[in-house]
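Engineer: The structure that follows is given in the form of structure tokens.
The values are calculated or read from the model by the stated rules, or taken from the named source; none is laboratory data. Predicted model, so just to flag it, every value in this text is computed and none were measured. No Cβ is skipped: glycine too gets one built from the backbone with ideal geometry, and neighbour counts run over all protein chains shown. Remember, those area values only see protein heavy atoms, side chains included, never the ligands or the DNA or RNA. Shrake-Rupley method; radii C 1.70, N 1.55, O 1.52, S 1.80 Å.
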Amino acid sequence: MQPGQIVPEISFVPGTTSLRITSRALATADHQAIKQPLERAEAPLAAAQVSAELGRIEGVAFTALSRAGRLVEARYHAGRDKPVMISGGQHPNETTGIVGALRAAQVLAQRPGAHFTVSPLENPDGYQIHWRLRASNPAHMHHAARYTALGDDLEYRTEEPLYEKSIRVQAERLSGAKLHLNLHGYPAHEWTRPLSGYVPRNFAMWTLPKGFFLVVRHHADWRQAAEQLTASVTARLAAIPGLLETNQRQIALFETHAGDTGFRLVNGFPCLISADDRHEVPLTLITEYPDETIYGEAFITGHTAQTAFVLAAYEAYQALASV
Ligand SMILES: [Zn+2]
């Protein structure tokens, strides 16, 4: 389905409640904000800073155009390591992955032999909706911003014109990567929606926080590599101060109010590992950090975890003998 960007914009005004439905032309203007120190960013980065931080990473620039006409930017940093694709902002209301992708790529770019692509903001049109909606409701999760200006999820787009999706196709082609690190998030403080009666199909499992969650998708013959990588990455993440405690606190709350999580825990991290031949790349690790909508120290902790994940997965993958 590509119904266009459907944006419920709720504003508070005195007087009678009213509903207005308007259509707007596609636009490419971006919200502006002051530059933040990347490692200590307390809120989402302005799109201009995402571009500037990406510009600091040495490598071949490649781009795509979004549906609205915004530039989707990426870098290919070639080296002798096994190549890895890093992406963020497929769902740009999941904001810690955008910062985490940039931070990790900047660290990797300083290492001899590093070999990766990075596209930190795959859906710039959705990102601007998120900025617009946050102005009036800064603490809501803003699901509308998940989608592109076509109203779809870019990952599931298979037909030309590919628009934003073309950045992934190019990243695969340039790097030949067999591992994709795809950074995402989910609601961090959502406790009313499960009781609201309007949870869309397939979204129920993402309505409550349950820690830093990993989704692993692998081609059938990559099962062993997927298991080994998951074990190794979660063991490395478990060493980060405070992260396991946050997981345990959220999982305990989940179980108190919603029952058994039903998820497998690997080294204290909830994981969903499944065979999936839909992707070109045989192994995809998806992070789900509870980050909609957090700020300040919580935001820093979130993009620090995303950064650590990318570095852990990159290192563990290089050490994997079977691939
Ligand atoms: Zn997502």
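Engineer: Leaving out ligands, DNA and RNA, what percent of the accessible area of segment 171-260 is carbon and sulfur, probe 1.4 Å?
Structural biologist: Details: 2420 of 4500 Å².
Summing carbon and sulfur atoms, their accessible area is 54 percent of the total for segment 171-260.
Engineer: Let me make sure I get this right: for segment 229-283, a, b and c are the square roots of the gyration tensor eigenvalues over alpha carbons, sorted descending. Under 1.5 in a/c it's rounded, otherwise prolate if a/b > b/c, else oblate. Which is it? Present the calculation step by step, with values, prior to reporting the outcome.
Structural biologist: Working: a/c = 3.25, a/b = 1.41, b/c = 2.29.
In terms of gyration-tensor shape, oblate.
Engineer: Once phi is turned into θ = phi - 60°, what whole-Hz ³J(HN,Hα) does the Karplus curve with 6.51, -1.76 and 1.60 give for every residue of segment 6-13, x standing for Gly and Pro?
Structural biologist: Once rounded to whole Hz, the list reads 9, 10, x, 10, 9, 10, 9, 9.
Engineer: If you plug each phi of segment 281-294 into the Karplus form 6.51 cos²θ - 1.76 cosθ + 1.60 with θ = phi - 60°, what whole-Hz ³J(HN,Hα) values come out, in order, with x for Gly and Pro?
Structural biologist: Per-residue couplings from phi come out as 6, x, 10, 10, 10, 10, 8, 10, 9, x, 10, 9, 10, 10 Hz.
Engineer: Hand me the chymotrypsin sites (Phe, Trp or Tyr not before Pro) from segment 1-93 located in a DSSP loop with no more than 13 other Cβ atoms within 10 Å, in residue order please. Before the final figure, lay out each step's value.
Structural biologist: On the way: sites: Phe12, Phe62, Tyr76; in loops: Phe12.
For chymotrypsin sites (Phe, Trp or Tyr not before Pro) across segment 1-93 that sit outside H, G, I, E and B with at most 13 neighbouring Cβ atoms in 10 Å, the list reads Phe12.
Engineer: Compute the relative contact order of the chain as a whole-number percentage, counting only Cα pairs closer than 8 Å that sit 6 or more residues apart in sequence. Write down the numbers at each step before the final one.
Structural biologist: On the way: 633 pairs, mean separation 71.8, N = 323.
So the answer I get is 22 percent.
Engineer: Determine the shape class of segment 144-217: with a ≥ b ≥ c the square roots of the Cα gyration tensor eigenvalues, call it rounded for a/c under 1.5, and otherwise prolate if a/b is greater than b/c, oblate otherwise. Don't skip to the end; give the middle numbers.
Structural biologist: Details: a/c = 3.20, a/b = 1.68, b/c = 1.90.
It comes out oblate by the Cα gyration axes.
Engineer: A further question follows. Among rounded, prolate and oblate, which fits the chain when a ≥ b ≥ c are the square roots of the eigenvalues of its C-alpha gyration tensor, a/c under 1.5 means rounded, and a/b larger than b/c means prolate?
Structural biologist: Details: a/c = 1.56, a/b = 1.19, b/c = 1.31.
Since a/c reaches 1.5 but b/c is at least a/b, the shape of the chain is classed as oblate.
Engineer: Run lengths n ≥ 4 of DSSP H only: what is the helix-derived mean residue ellipticity at 222 nm for the chain, with -39500 (n - 2.57) per run over all residues, to the nearest 500? Mind showing how you got there, number by number?
Structural biologist: Values: 7 runs with 101 residues, N = 323.
Mean residue ellipticity, 222 nm, calculated: -10000 deg cm²/dmol.
Engineer: Tell me the trypsin sites (Lys or Arg not before Pro) within segment 39-144 that lie in a loop according to DSSP and have at most 16 other beta-carbon atoms within 10 Å. The partial results should precede the final answer.
Structural biologist: On the way: sites: Arg40, Arg56, Arg67, Arg70, Arg75, Arg80, Arg103, Arg132, Arg134; in loops: Arg56, Arg67, Arg70, Arg80.
The qualifying sites are Arg56, Arg80.
Engineer: In whole Hz, with x marking every Gly and Pro, tabulate ³J(HN,Hα) for segment 45-59 from phi via Karplus 6.51 cos²θ - 1.76 cosθ + 1.60, θ = phi - 60°.
Structural biologist: 7, 4, 4, 5, 6, 4, 5, 5, 5, 5, x, 7, 8, 5, x
Engineer: While we're here: So which lysines pass the test for Lys178, namely a Cα distance under 28 Å, with those fewer than 8 places away in the same chain ruled out?
Structural biologist: Here the lysines satisfying the reach criterion relative to Lys178 are Lys82, Lys165.
Engineer: Return the single residue from Ala235, Ala305, Ala52 with maximal mean-square fluctuation; model: Gaussian network over the chain, springs between Cα atoms under 10 Å.
Structural biologist: Result: Ala52 has the largest fluctuation of those listed.
Engineer: State in Å² the accessible area per residue of the chain; use a 1.4 Å probe, count heavy atoms of protein chains only, and round to the nearest integer. Working shown, then result.
Structural biologist: Details: 15010 Å² over 323 residues.
Each residue of the chain exposes 46 Å² on average to a 1.4 Å probe.
Engineer: Next question, about the same structure. Of all the accessible heavy-atom surface of segment 1-106, with the other protein chains kept in place and a 1.4 Å probe, what percent is carbon and sulfur? Mind dumping the intermediate values first?
Structural biologist: Details: 3290 of 6100 Å².
The value for segment 1-106 is 54 percent carbon and sulfur by accessible area.
Engineer: Under a 10 Å cutoff between Cα atoms, tell me which one of Pro200, Pro124, Pro37 has the largest fluctuation in the Gaussian network model of the chain.
Structural biologist: Maximum among the listed residues: Pro200.
Engineer: Where the only charges are on Cβ atoms (+1 Lys, Arg; -1 Asp, Glu), what is the dipole of segment 38-117 about its Cα centre, to the nearest 20 debye?
Structural biologist: Numbers: 9 positive and 7 negative charges, 39 e Å.
Computed about the Cα centre, the dipole is about 180 debye.
Engineer: Continuing with the same structure: In debye, nearest 20: dipole of the chain around its Cα centre with unit charges on the Cβ of K, R (+) and D, E (-)? Show your work: numbers first, answer last.
Structural biologist: Values: 29 positive and 32 negative charges, 54 e Å.
Rounded to the nearest 20 debye, it is 260 debye.
Engineer: Among Ile273, Ile34, Ile86, determine the one that fluctuates most according to a GNM of the chain built with springs between C-alpha atoms less than 10 Å apart.
Structural biologist: Ile34
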